[in-house]
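The values are calculated or read from the model by the stated rules, or taken from the named source; none is laboratory data. Only a predicted model underlies this, so the values are computations on that prediction, with no experimental measurement involved. Don't worry about glycine lacking a Cβ; one is built from the backbone with ideal geometry, like all the others, and counts go over all protein chains shown. With ligands, DNA and RNA removed, areas are computed over all heavy atoms of the protein, side chains included. Shrake-Rupley method; radii C 1.70, N 1.55, O 1.52, S 1.80 Å.
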Amino acid sequence: MKLTQSAKSEASQVGQWGRAWNISWLSSISTLLILTTTPLIVFYFYIACAYFKGSLLAPILFHIEGKISLFELLPSLEISTINLYAAWFFLQIIFAIFLPDMIHKLLPKYRGGTQRGAVTPGGNQLKYNINGLQAWILSHTIFFFGAFIFDWFSPSVIADSWGPLLIVTNIVGYTVALFVYFKAHYFPTKPVERKFCGNWLYDFYMGIELNPRIRSFDFKLFFNGRPGIIAWTLINISFAAKQYQTYGYITNSMILVNVLQAIYVLDFFWHEAWYLKTIDISHDHFGWMLAWGDSVWLPYMYTLQGFYLLNNPVELSTGYAAAVLFLGLVGYAIFRSANNQKDHFRQNKEIEIWGKKPEKISCEYTSLDGKLHTSNLLVSGWWGRARHMNYTGDLMLSFAYCLACGMEHILPYFYFIYMSILLVHRCYRDEHRCFNKYGKAWEEYCRRVPYRLIPRVF
Ligand code: NDP
């Protein structure tokens, strides 16, 4: 699709610190590769787990030897699954739009209700309705009553529909990605915050609009933070229920994965206001990467450990399980305290970090409207040890989920491999953006804190 002249000139004015402008041939090839291979990976992993106990080699070998056809193992669409997903999806839309946040009235420490996002390259600061924790609690209450009290459905309902759901979520992911691509061209929310790089495939993949909205409905917060991530804990519960129905017991590994991942998901909802200031919401544009990623990749690849353990039950020794729990909790503590330190610092709270007044580097940046803004970079606490210790903690927790599955197969470790690639790449992507935004102040920060993820190592 060709850009109109006005879109080109609007695009050329946007501040240089948003998503990439000039796409190298390497980025074009990577985009094509990601678009074509990631859906296949999800289907392949589903087949490996559902039919081959988590072996990654067996499906392809069996296919080559003619013992089975991988195509015959692909799930098919079922009307009951479409209804199930539609009910879930529309319930989440209703919650996102209409649920008034009551929790911040009961618990003043919780930041819910109307909250503001980060200043965008166009100089806007959007308002968001933060009620995800309430939506999570209500969704789980409905599931609990429906499955265990009123017998409306089996607690294994999600596990039972896992194959057909993969088709439905793909249809949703692609439809939303196409919709926002055309919306960006024909009825954008804030035309000035669009980015066109001249390569339509990259635009489709990374997204054109920064914050596509229809009235107050925000696509990016909804898809990043509702149907997929609320379902994460329900999916795990459903896998545990299915394991119980199949074998008559629930393994300690399944409980460990449920507990560790529930901590991560609940943390997300308790800190939803903080999430508005993270890269996902403040800098990433909304395209296929987030639309398909949140609809398919997140619910299928982030819950891989539970699905693996359902088909391959592992009972861990008490010592091993305790060590994995310890690693996960330490990782979580680093992840959360690093994120809190930056969040509180950026809110200009009179805080102390590790018993001292925080050290900072003052910096300035200009938004598209020419306004000069001031900000600060934190040089104390975790942010003085390495520039992305919040990623380090996240990686430790991710590794703990994988270790909970034992050592028989590499498949459950995919999450850790994926998160390592994602977060190391993010270090470079974010630092490039921060350098464009803050210039010399960022260079000064990198000079004072020379390590990225592991102090004195990397
Ligand atoms: P950060 O929360 O680290 O945000 C990066 C931004 O923080 C920078 O762009 C800059 O933004 C600001 N910043 C950087 N250094 C400093 C500093 N020294 N002082 C003050 N501000 C600074 O990154 P993410 O948004 O990527 O990640 C947030 C969390 O989410 C992480 O813990 C990560 O592990 C997790 N995550 C999880 C994923 C998952 O799929 N499970 C995926 C991605 C992230 P500004 O323009 O405001 O200055």
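Go through (1) modelled with pLDDT under 95; (2) closer than 24 Å to SER28 by Cβ; (3) open to solvent by 20 Å² or more (accessible area, probe 1.4 Å) one by one and return the number of the condition VAL192 breaks.
Against the list (1) modelled with pLDDT under 95; (2) closer than 24 Å to SER28 by Cβ; (3) open to solvent by 20 Å² or more (accessible area, probe 1.4 Å), VAL192 comes up short only on (2).
Going by what's in this entry, would ALA262 be described as crowded, with 20+ Cβ neighbours inside 10 Å and part of a helix (DSSP H, G or I)?
Judged against the criteria, ALA262 is not a match.
Does the stretch 67-98 hold any residues that are without any contact (Cβ under 8 Å) to a residue 12 or more places away in the chain and open to solvent by 60 Å² or more (accessible area, probe 1.4 Å), and which are they?
The answer is LYS67, PHE71, GLU72, ILE79, ASN83, ALA87, PHE90, ILE94, PHE98.
For HIS285, work out the one condition from (1) within 13 Å of the ligand (Cβ to nearest atom); (2) crowded, with 20+ Cβ neighbours inside 10 Å it doesn't fulfil.
Here HIS285 meets the rest and fails (1).
Among the numbered conditions (1) more than 10 Å from the ligand (Cβ to nearest atom); (2) closer than 30 Å to PRO191 by Cα; (3) over 11 Å from the mean Cα position of the chain (by Cα), tell me where LYS277 comes up short.
(1)
From the residues in the stretch 354-369 that are within 11 Å of the ligand (Cβ to nearest atom) and over 24 Å from PRO121 (Cα atoms), which one is surrounded by the fewest Cβ atoms within 10 Å (Cβ to Cβ)?
Only one residue fits best here, namely GLU359.
Does the stretch 316-328 contain any residue that is under 18 Å from the mean Cα position of the chain (by Cα), buried (at least 24 other Cβ atoms within 10 Å of the Cβ) and at negative phi?
So far as the stretch 316-328 goes, no, none of its residues is under 18 Å from the mean Cα position of the chain (by Cα), buried (at least 24 other Cβ atoms within 10 Å of the Cβ) and at negative phi.
Is there a residue being β-branched (Val, Ile, Thr) and free of Cβ contacts under 8 Å to residues at least 24 places away in the same chain anywhere in the stretch 181-200?
For the stretch 181-200, residues β-branched (Val, Ile, Thr) and free of Cβ contacts under 8 Å to residues at least 24 places away in the same chain: absent.
Search the stretch 432-458 for residues that are in contact (Cβ under 8 Å) with a residue 24 or more places away in the chain and among the aromatic types (Phe, Trp, Tyr) and pair each with any residue that is assigned to a helix (DSSP H, G or I) and within 13 Å of the ligand (Cβ to nearest atom) when their beta-carbon atoms are under 6 Å apart and the residues are at least 6 apart or on different chains.
Taking only residues 6 or more apart or on different chains, the pairs are TRP442/CYS434; TRP442/PHE435.
Restricting attention to the stretch 41-63, which residues are in a helix (DSSP H, G or I), under 18 Å from TYR413 (Cβ atoms) and either aromatic (Phe, Trp, Tyr) or in contact with a Cys (Cβ under 9 Å, 6 or more places away or on another chain) (or both)?
Answer for the stretch 41-63, where residues must be in a helix (DSSP H, G or I), under 18 Å from TYR413 (Cβ atoms) and either aromatic (Phe, Trp, Tyr) or in contact with a Cys (Cβ under 9 Å, 6 or more places away or on another chain) (or both): TYR44, PHE45, TYR46, PHE52.
Touching a Ser or Thr at 6+ places or on another chain (Cβ under 8 Å) and either of a type in the set (Lys, Arg) or in a loop (DSSP other than H, G, I, E, B) (or both) - does that describe any residue in the stretch 163-181?
No, every residue in the stretch 163-181 fails to be touching a Ser or Thr at 6+ places or on another chain (Cβ under 8 Å) and either of a type in the set (Lys, Arg) or in a loop (DSSP other than H, G, I, E, B) (or both).
For the stretch 241-259, state whether one or more residues are within 13 Å of the ligand (Cβ to nearest atom) and either among the aromatic types (Phe, Trp, Tyr) or surrounded by fewer than 23 Cβ atoms within 10 Å (Cβ to Cβ) (or both).
no
Filter the stretch 410-432 for residues that are open to solvent by 30 Å² or more (accessible area, probe 1.4 Å) and among the charged types (D, E, K, R) and give the result.
Residues satisfying the conditions are ARG426, ARG429.
How many residues does the stretch 265-279 contain that are part of a helix (DSSP H, G or I) and either open to solvent by 30 Å² or more (accessible area, probe 1.4 Å) or of a type outside the set (D, E, K, R) (or both)?
So the count comes out to 9.
Looking at THR81, THR38, THR114, which is the one that is in a helix (DSSP H, G or I) and under 26 Å from THR278 (Cα atoms)?
The unique qualifying residue is THR38.
Among TYR428, TYR451, TYR401, TYR413, which is the only one that is of a type in the set (Ser, Thr, Tyr), out of contact with any Leu (no Cβ under 9 Å at 6 or more places or on another chain), assigned to a helix (DSSP H, G or I) and more than 9 Å from the ligand (Cβ to nearest atom)?
TYR428
Check off (1) under 30 Å from LYS437 (Cβ atoms); (2) assigned to a helix (DSSP H, G or I) for THR246 and give me the number that stays unchecked.
(1)
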